């Protein structure tokens, strides 16, 4: 028994996994096998293809997260700044701004309230990015799992990966109230240049 490959001039012999290119001495055996009315397996058995496509979606998800949000250390810094900004807001913006808020205020020439509100708006944009990426990943993976055939599985994966690429390139920070937010390029660039 044989399995097709991406290359039209090559097959895999299933019994031992040997790749047989056209012109190889075993290619004649393959052609004889075909002449006897046999048919090779498709390149992928649907389950194997689905597993590969699920991994492809996970890889695209990781890339989208990294593009949109940056490194884990930077994300931890932003989470800390958001927690301080929220605490400052909850306290009615009274007293001295916490360190992360204060450094942002000083960098921008703002008061503590402006800085805290800016940080919180950017945090909301960041959360929207995470939710959108998660949504695309989960729906894409489930569509691949539910696919009845290779074409449907590939289509579902292609759509999910395309959506994740669009999300990676999106500027979620443009929704922030600060007028200059939309010029940042991507959320990672936005935060790295502005916080």
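If we count other beta carbons within 10 Å of each Cβ, what is the order of 122, 94, 22, 6, fewest first?
On the way: 122 28, 94 9, 22 12, 6 6.
Ordered from fewest to most neighbouring Cβ atoms within 10 Å, 122, 94, 22, 6 come out as 6, 94, 22, 122.
Would you kindly calculate the translational diffusion coefficient of the range 76-133, applying Stokes-Einstein with the Kirkwood radius from alpha carbon pairs, for 4 °C and a viscosity of 1.567 mPa s, and quote it in µm² s⁻¹ without decimals? Present the calculation step by step, with values, prior to reporting the outcome.
Values: Rh = 11.3 Å.
My calculation gives 115 µm²/s for D.
When the helix-only estimate is applied to the chain (DSSP H runs of n ≥ 4, each -39,500 (n - 2.57), divided by the residue count), what is the mean residue ellipticity at 222 nm, nearest 500 deg cm²/dmol?
Numbers: 7 runs with 125 residues, N = 195.
So the calculated ellipticity at 222 nm is -21500 deg cm²/dmol.
Mind checking the angle between helix 46-69 and the chain's longest principal axis? C-alpha axes, 0 to 90 degrees, to the nearest 10.
Computed tilt is about 20 degrees.
With a/c under 1.5 counting as rounded, go ahead and sort the chain into rounded, prolate or oblate using the C-alpha gyration tensor (a ≥ b ≥ c being the square roots of the eigenvalues; past the cut-off, prolate if a/b is larger than b/c, else oblate). Don't skip to the answer; put the middle values down first.
On the way: a/c = 4.47, a/b = 3.84, b/c = 1.16.
Prolate, since a/c reaches 1.5 and a/b exceeds b/c.
What ranking of 19, 93, 131, 2 emerges when the number of other C-beta atoms within 10 Å of each C-beta is taken as an exposure proxy, fewest first?
Numbers: 19 13, 93 17, 131 10, 2 20.
By the 10 Å Cβ count, ascending, the order reads 131, 19, 93, 2.
Using only Cα atoms and rounding to the nearest 10 degrees, what angle (0 to 90) does helix 72-90 make with the longest principal axis of the chain?
40
Could you work out the relative contact order of the chain? I mean the mean sequence separation of Cα pairs under 8 Å and 6+ apart, divided by the number of residues, in percent.
Numbers: 232 pairs, mean separation 41.6, N = 195.
Relative contact order, the chain: 21 percent.
Starting from the Cα of residue 15, move 7 Å in the Cα-to-Cβ direction to define the label point; list residues of the range 23-48 whose amide nitrogen is under 15 Å from there.
Answer for this model: 26-34.
Counting other C-beta atoms within 10 Å, which of 90, 56 has the fewest, and how do the rest follow?
Values: 90 9, 56 16.
By the 10 Å Cβ count, ascending: 90, 56.
Label the range 4-71 by shape, choosing from rounded, prolate and oblate, from the square roots a ≥ b ≥ c of the eigenvalues of the Cα gyration tensor; if a/c is under 1.5 it is rounded, and otherwise prolate applies when a/b is larger than b/c, oblate when it is not.
Numbers: a/c = 4.47, a/b = 2.97, b/c = 1.51.
Prolate is the answer for the range 4-71, as a/c is 1.5 or above and a/b outweighs b/c.
Report, to the nearest 10°, how far helix 99-108 tilts away from the longest principal axis of the Cα atoms in the chain, using its own Cα long axis and a range of 0 to 90°.
80
Residue separation times 0.36 nm, minus the C-alpha to C-alpha distance between residue 46 and residue 66: what's the value?
On the way: separation 20, 0.36 × 20 = 7.20 nm, distance 3.02 nm.
Result for the pair: 4.2 nm of gain on full extension.
Each value in this text was obtained by applying a stated rule to the coordinates, not by laboratory testing. A quick note: this is a predicted structure, and the numbers were derived from the prediction, not measured. Using ideal geometry, Cβ is built from the backbone for each residue, glycine included, and neighbour counts are taken over all protein chains shown.
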